[in-house]
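The values are calculated or read from the model by the stated rules, or taken from the named source; none is laboratory data. Everything numeric here is computed off the predicted structure, so don't read it as measured data. Here the Cβ positions follow ideal geometry from the backbone for every residue, glycine too, while neighbour counts run over all protein chains shown. Calculation scope for accessible area: heavy atoms of the full protein, side chains included, ligands and nucleic acids excluded. Shrake-Rupley method; radii C 1.70, N 1.55, O 1.52, S 1.80 Å.
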Amino acid sequence: MSDLGSALGAARRHLVRAAVFVVVVVAAMIVGRSLGQFGPRRLPSGSMDAATPVEIATALGAVVVVIFAGVLAVRSFTVAVRKMIEHHGDQLHGTPVGLVVSFLGYLGVALCVLVILGKPVGGLLLGGALTGVLVGIAAQQVLANFFAGMVLLLVRPFTLADEIILKSGALGGEYEGVVTDMGIFYVKLETRTGPVALPNAAVLAAAVGPGVRATQEEA
């Protein structure tokens, strides 16, 4: 219990650090966009406004601050997520979840830098959204299992070594066994007939109850 409590305390500390760095990133973006400028900018009158050395230096400084603080924010938040997963007793899946969080965080930092640079982020987001839709359609089942795995790891309707019964039409009936692994794509059970790997999306939609052994132990 002390180890779990220390993991939760560490997660809270890293969350606070991540929040502080996020505030720094937002402040740097505001300064960079309002006071900084990398190149000539067209004014509403139609004329071009050349960037001064001070504006260039301000924009460059804002970019450096955003990258530095953004990386620290992503790292702190990633560590916090891993510690929270450890707090729930899962030492195995903190790394893959942390990789996903890091990827999304660094993508957000890159978008913040593009905003300061004055690049057309809207067009990039639109192109990325269209690409995401196409990829999502092609990998619908994979993504469904992945996000269902994230929900199962965070919500924890059951955990490793639990004796459970899963009832669902998507699973083709009923499965009873001991949970041996909870991955980002499959939940593995050790049943009376042998090991089975069940897709997370179907497990998330299934009714979950205690197994016979668990019921007998409670009795």
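Might you let me know whether the range 123-140 holds any residue that is modelled with pLDDT under 85, of a type outside the set (Lys, Arg), crowded, with 16+ Cβ neighbours inside 10 Å and on the phi < 0 side of the Ramachandran plot?
Filtering the range 123-140 down to residues modelled with pLDDT under 85 leaves 123-140.
Within this subset, residues satisfying the condition of being of a type outside the set (Lys, Arg) are 123-140.
From what is left, the residues that are crowded, with 16+ Cβ neighbours inside 10 Å are none.
Among the residues of the range 123-140, not one is modelled with pLDDT under 85, of a type outside the set (Lys, Arg), crowded, with 16+ Cβ neighbours inside 10 Å and on the phi < 0 side of the Ramachandran plot, which makes the answer no.
Go through the range 163-203 and count every residue that is at pLDDT 85 or above, under 21 Å from PHE147 (Cβ atoms) and open to solvent by 80 Å² or more (accessible area, probe 1.4 Å).
Number satisfying all stated conditions: 1.
So, ALA69, is that one modelled with pLDDT of 80 or more, farther than 30 Å from ARG156 by Cα, small (Gly, Ala, Ser) and crowded, with 16+ Cβ neighbours inside 10 Å or not?
yes
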